[in-house]
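Below is one structure, written out as structure tokens; the observations come after it.
Every number here is computed from the coordinates shown, using simple stated rules; none is lab data. The model shown is predicted, which means the values in this text are computed figures rather than measured ones. All Cβ positions, even for glycine, are placed from backbone atoms using ideal geometry, and neighbour counts span all protein chains on display.
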Amino acid sequence: MHKAPQTNPFTFGDLALDEAFTDREEELQELASDMANGQNVLVYAPRRYGKSSLILRAAQEALQRKALVAYCDLMKTPTKERFAAALAKTIYADIASPMGQAFERAAELFRGLRILPTMEVDPADGSLRFSFQAGRRRSDIDETIERLLELFGELAVERRRRVVAIFDEFQEIIALDPKFPNLMRAVFQAQPEVSHVYLGSKRHVLERIFNDRNEPFWRSAKQLEIGMIPALRFAPFLKERFAESGKSISADALDHLLNLSGGHPYGTQELAYFVWELVEPGGKATLDTVDTALSRVLRSEHNHFAQLWDDAPRTQRQLMLALAEEPTAAIYSAAYHESHELPSNPTLQTALRSLIDKDVVSRDAEGCYRVIEPFLGPWLLRSQMGYGMQGLVERQPTGSLVDNQQSS
Ligand SMILES: Nc1ncnc2c1ncn2[C@@H]1O[C@H](COP(=O)(O)OP(=O)(O)OP(=O)(O)O)[C@@H](O)[C@H]1O
Ligand SMILES: [Mg+2]
């Protein structure tokens, strides 16, 4: 059936779109209702769990129901001027009426702004691009942003459409200006026709914004935490993607793969990608293939992990090793403490906090702490806990992990 050479069906790093996306059915349904109801939502998950992919999928469904969807990624707007430009762009392209000549329409839309944007046509795709210069007064840009945010509500009313405004990596708002949550909340409170969706990955920052009664966003959004994709849902997806691309994977290899990745969305796709590469067209992936693929993954992630390790103080290293060996819900128990030679409190607590903040460790729904950075666990076990000769060799700071199965 498959005549043309197949390309690898697994992707990691980019958004998981269309057939690269799997599961999350309950979450999608919930988000769809929230968006339709004008409910504000905070979607929380550690890095690379698939927040952006999930919200994009939900947004596509909202668009089909005739909602207007704005999207702004705060990770890409390190200055207020850039934040204003991103808002102007999505308001113009996604929320405002598409009628009329581009420049006139944009000029009309933004005529009330304290700082008027410079507009130019992006030669790459012919779309309109906006930029803002710093104003004469420091507050000019704040007033401009405030006005742009008001436009979400005004355009929703004017166009009689539901508006969904998505802020990806919302915790970055604090870095932009600690006073911005106040400013935003004041505007958003007066926009019942807009569903505000906040995505974030830094739990402690988000908790400060949303769960502190002295903060403006306190109890202003429903919270939705997304986790790993259960093996039961991931397995059929992986199997099918192998089959569609003219290869297959044995049942125990599939189990092994999902055991190693723990259902981490990015990690699973990454490992599956390497497994697929190792299988001949028409061939079948076995347990050995998965092990070889894991070595390849560890090699390709080596610099990243080594950096993480080098930057971690001693207590964090001890804790990483302990959790890689044995995930636990009883991290402060005497038994765990003793068997892993951990430091005592509050040193341990500080180390745990730091590892959580760095998205290296997380506590799952059952209260169990584990290393969640995909494949850091196996890397630690191989390179930092290796005893004897092999451990020594693998410990060399400049060398990559020894991989005996390495082919050409
Ligand atoms: N529903 C899904 N089905 C299959 N794979 C997924 C899914 N969601 C995410 N992934 C995998 O995880 C990777 C990261 O997804 P995404 O960028 O959406 O996560 P994120 O939480 O927004 O990450 P970041 O914190 O880096 O912004 C994707 O490239 C894909 O490999
Ligand atoms: Mg993202």
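For every residue, the table says whether it meets (1) more than 14 Å from ligand 2 (Cβ to nearest atom); (2) out of contact with any helix residue (DSSP H, G or I) (no Cβ under 9 Å at 6 or more places or on another chain).
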residue	(1), (2)
9	yes, no
16	no, no
22	yes, no
37	yes, yes
44	no, no
48	no, no
65	yes, no
72	no, no
Out of (1) within 30 Å of residue 241 (Cβ to Cβ); (2) in a loop (DSSP other than H, G, I, E, B); (3) among the small types (Gly, Ala, Ser), the odd one out for residue 124 is which? (1)
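Against the condition β-branched (Val, Ile, Thr), under 30 Å from residue 197 (Cα atoms) and either without any contact (Cβ under 8 Å) to a residue 24 or more places away in the chain or surrounded by 13 or more Cβ atoms within 10 Å (Cβ to Cβ) (or both), how does residue 249 come out, does it pass?
Criteria not met by residue 249.
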Suppose we filter 240, 207 for residues that are acidic (Asp, Glu) and within 16 Å of ligand 1 (Cβ to nearest atom); which single one remains? 240
Residue 308 vs (1) under 22 Å from residue 269 (Cβ atoms); (2) touching a strand residue (DSSP E or B) at 6+ places or on another chain (Cβ under 7 Å): all pass except (2)
Among (1) closer than 26 Å to residue 162 by Cβ; (2) over 28 Å from the mean Cα position of the chain (by Cα); (3) of a type in the set (Gly, Ala, Ser), which single condition is residue 139 missing? (1)
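Here's the yes/no breakdown for (1) charged (D, E, K, R); (2) without any contact (Cβ under 8 Å) to a residue 40 or more places away in the chain; (3) under 25 Å from residue 30 (Cα atoms):
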residue: 126; (1), (2), (3): no, yes, no
residue: 153; (1), (2), (3): no, no, yes
residue: 174; (1), (2), (3): no, yes, no
residue: 211; (1), (2), (3): no, yes, yes
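Would you please name the residue that is surrounded by the most Cβ atoms within 10 Å (Cβ to Cβ), looking only at residues in region 71-93 that are aliphatic (A, V, I, L, M) and within 18 Å of the chain's Cα centre (by Cα)?
Just the residues of region 71-93 that are aliphatic (A, V, I, L, M), to begin with: 74-75, 84-88, 91, 93.
Keeping just the survivors that are within 18 Å of the chain's Cα centre (by Cα) gives 74-75.
Working: 74: 23, 75: 12.
Ranking the qualifying residues of region 71-93, first place goes to 74.
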Of all residues in region 6-53 being surrounded by fewer than 17 Cβ atoms within 10 Å (Cβ to Cβ) and β-branched (Val, Ile, Thr), the one that is nearest to ligand 1 (Cβ to nearest atom): 11
